[in-house]
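Below is one structure; the comments refer to it alone.
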Amino acid sequence: MSGGRRGEVLLREEAGAHGGEAYSLSRLRSSSLEIREKGTEFLREQLDAAQKELKLKGEECERLSHVRDQLEQELEELTASLFEEAHKMVREANVKRANAEKQLKEAQGKIDVLQAEVSALKTLVLTSTPSSPNRQLHPQLQGAGSKGTPTLLGGHTRNKSAILTLSHPQPDCASASPHNSQEDKELDSVLFAEFLSWKEAPSLDRSSAFISRIYREDIEPCLSFTRSELSQSVQRAVENNSLTIEPVAMTVMPMIKTSAVECGGPNGCRAPVETTCALSGMSHPCRHRIKLGDKETYYHISPSSRARITAVCNFFTYIRYIQQGLVRQDAEQMFWELVRLRREMSVAKLGFFLTDDS
């Protein structure tokens, strides 16, 4: 009996051992399945997150690609605009350089002409004093019996006021004084004081009492013609030193009486064209014409009108020489020279002038 019970006990113990092992295996299998399911779920979540991130990255790449294309297009347009602007600036610079070179050449030519003219005029002005006058600068001092034409100071040149010194008409023998009295002069203290005040800062400004008086008493009356509008333009051109006076070409005519025409040679004679003076409006043989500034319009003028214009030009020329410091004389000598020029304007405005064959 005791042996049989031991066998049952052993059997039961073996059955219990086998049952425990089976339970352990079952639990291991269930844990493995659970771990696999959890790992699969985790990986699926990671995959979904990676796919979402990839989608966002793709959208960002697409947006950046669009921005890049837009920037490239704007850059191309800006480059084309810059090239066009650069070409435009180069063209404008070339045009300006060509104009500047042209103006430089013209200015150099004008400077050469002015330097030559100033040198010649400076010699004449500096060598003329009341005690020892220069006869080329003062042709009225030539003898009454001289048959030659008075020497002219300068000529009529483009864009420069005409410089012509006119002498007073010589009295004939019948009207001459029997006592051969010499002309005397007396200094006007008021006029001289105004001149000294102006000489401290010489200018053409009318605010000066000296210049204002000369404008009022001499210049404006001398340049006051029938055609008032043209007269004002002439005065402005003289003030700006931009008046041109040039002779008019003569027409060749058949041989007629020499008292009526100017002989020009054995084949014929030349006579001035009979026309109307643009300033006075009267019919005169106009041997000269004027041009104002750079305008291409010419105006024919009579000898009397020319004498009045050149008298004013002479005055302005001497005033400018004083401004530039070219006149090396004392104040009284300058004053008397200005008085002489004022007398020329007064005589010219009364209608007296020298003819070319006088």
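We did not get these values from a lab; they are worked out from the coordinates using the rules stated. Since this is a predicted model, take the numbers as computed values, not measurements. Cβ atoms come from the backbone with ideal geometry, glycine included; neighbour counts cover every protein chain shown.
This model, with +1 at the C-beta of Lys and Arg and -1 at the C-beta of Asp and Glu, gives the range 49-126 a dipole about its Cα centre of some 500 debye.
A dipole drawn for the range 49-126 from +1 and -1 charges on Cβ atoms has a positive end, and of 58, 87, 115 the residue lying farthest that way is 115. Of the peptides 344-351, 189-196, 51-58, the ranking by mean beta-carbon count within 10 Å, highest at the top, reads 344-351, 189-196, 51-58. Legend: residue pairs 110/199; 110/349; 199/295; 291/349, Cα-Cα distance threshold 23 Å; pairs beyond threshold, 110/199; 110/349; 199/295.
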